[in-house]
1. Give the residues of region 235-249 that are surrounded by 21 or more Cβ atoms within 10 Å (Cβ to Cβ), among the hydrophobic types (A, V, I, L, M, F, W, C) and over 11 Å from TRP200 (Cβ atoms), sorted by residue number.
2. Tell me, which strands (runs of 3 or more DSSP E) wholly within region 90-184 include 3 or more residues that are hydrophobic (A, V, I, L, M, F, W, C) and within 18 Å of GLY78 (Cβ to Cβ)?
3. Just the residues that are open to solvent by 20 Å² or more (accessible area, probe 1.4 Å), under 26 Å from ARG278 (Cα atoms) and in a strand (DSSP E or B), please, taken from region 191-205.
4. Hey, can you tell me all the residues within region 73-89 that are open to solvent by 10 Å² or more (accessible area, probe 1.4 Å), closer than 13 Å to ASN101 by Cβ and either at pLDDT below 95 or in a strand (DSSP E or B) (or both)?
5. Just give me the residues in region 301-328 being in contact with a Gly (Cβ under 7 Å, 6 or more places away or on another chain), surrounded by fewer than 17 Cβ atoms within 10 Å (Cβ to Cβ) and in a strand (DSSP E or B), in sequence order.
6. Quick one: which of ARG286, ARG278, ARG290, ARG231 is open to solvent by 10 Å² or more (accessible area, probe 1.4 Å) and touching a Lys or Arg at 6+ places or on another chain (Cβ under 8 Å)?
7. What do you reckon, is LEU49 within 22 Å of ASP327 (Cα to Cα), out of contact with any Asp or Glu (no Cβ under 8 Å at 6 or more places or on another chain) and crowded, with 21+ Cβ neighbours inside 10 Å?
8. So how many residues does region 1-46 have that are of a type in the set (Asp, Glu), modelled with pLDDT under 90 and surrounded by 17 or more Cβ atoms within 10 Å (Cβ to Cβ)?
Amino acid sequence: MISRRPCRAAVAALGCAALVSAVQAKDTGMAFVSSEKDNALAIIDVKSLTVAGTIPTCKRPRHMQFLPGATTLMVACGDSNRADLIDVAARKVIGNIPLGNDPEAFDLSPDGKFAYVSNEEDGALNIVDLTSKKIIKSVPVGKEPEGVKVSPDGSRVYVTSEVANMVHVIDPAAGKVLKNIQVGKRPRRFALSADGGELWVTSELGASVSIISTRDLTVVHTINFEVKGMRPDDITPVGLTLARDGKTMFVALGRASHVAFVDVASRKTNNLVLVGKRAWNVALNRDGSRLFVANGLSDDVTVIDVGQAKAIKTVAVGRVPYMVVVDD
């Protein structure tokens, strides 16, 4: 077993991050919520569903992801042009990494050595070496890039452009765009199907999801969302995540204040669950029984019982919550 002490000493340099076994994950029993206006993360106890504290961080924290080993949470902050590294057990910042101008979202290479970061102001995907903490490449893409998704084998990075209404397919080793795929209006976030054969892309101003074949790199289907009593303009999907069994895609419908349960095989919406205002992003707990929804305009998180397709609690958190990461 790898000693925890030397890895902790090296975490600032991230040199051993990729070597930490998943068995050593903290399993804190907490969910972490980035709050854009509070420059902090709210901490929710996932058993009691109550706020258990906050962690101060950089300015306008949004996208978050655990580094390998799940002991350190990387938090991208748009107004600080960097990511903070947070020790979730100690509940404090232990380092930071420059990301470039106005970082939006990021994903990690399969080996955990690189971060691929969308930079809205520069219209680029920055490739960051997490050991040296330096930007080693910058790949121009369309204006206002947002979502980032790395293929399971690391050979491709997918990036949305909100202005160009495109998904850019990038070869990270070569640092170049392989293909541009036209999708719905204002594409935001990604999720892969269980077998990796489909890439689902939300279109915030298209009230839809585009489904891309990762083999052919073409759009093979579009799912249009409807909510009774609401105009299409009020349905603004952003965050999405796949159920643990791979059969259902959960899609946050933004200003429509609902989460859609979409059957992956039939492409049909089976359930719509009412949540808070501006449902932005969604995250599952480990066994997939509960879905946590960040509601940006009601300053809270809705917790959904997945089996019942029913909201069971609303937890007030910081101002303008953007994303949830669950560590149970």
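The values are calculated or read from the model by the stated rules, or taken from the named source; none is laboratory data. Only a predicted model underlies this, so the values are computations on that prediction, with no experimental measurement involved. Backbone-built Cβ (ideal geometry, glycine too); neighbour counts: all protein chains shown. With ligands, DNA and RNA removed, areas are computed over all heavy atoms of the protein, side chains included. Shrake-Rupley method; radii C 1.70, N 1.55, O 1.52, S 1.80 Å.
1. ILE235, VAL238 - these are the residues of region 235-249 that are surrounded by 21 or more Cβ atoms within 10 Å (Cβ to Cβ), among the hydrophobic types (A, V, I, L, M, F, W, C) and over 11 Å from TRP200 (Cβ atoms).
2. Numbers: elements: 92-98, 103-108, 114-119, 124-129, 134-140, 145-150, 157-161, 166-171, 176-182.
Counting at least 3 such residues, we get 124-129.
3. LEU192
4. ARG82
5. Initial filter on region 301-328 (in contact with a Gly (Cβ under 7 Å, 6 or more places away or on another chain)): 302, 306, 314, 320-322, 328.
Those left that are additionally surrounded by fewer than 17 Cβ atoms within 10 Å (Cβ to Cβ): 314, 328.
Correct list: THR314 only.
6. Just one listed residue meets the conditions, ARG278.
7. no
8. 0
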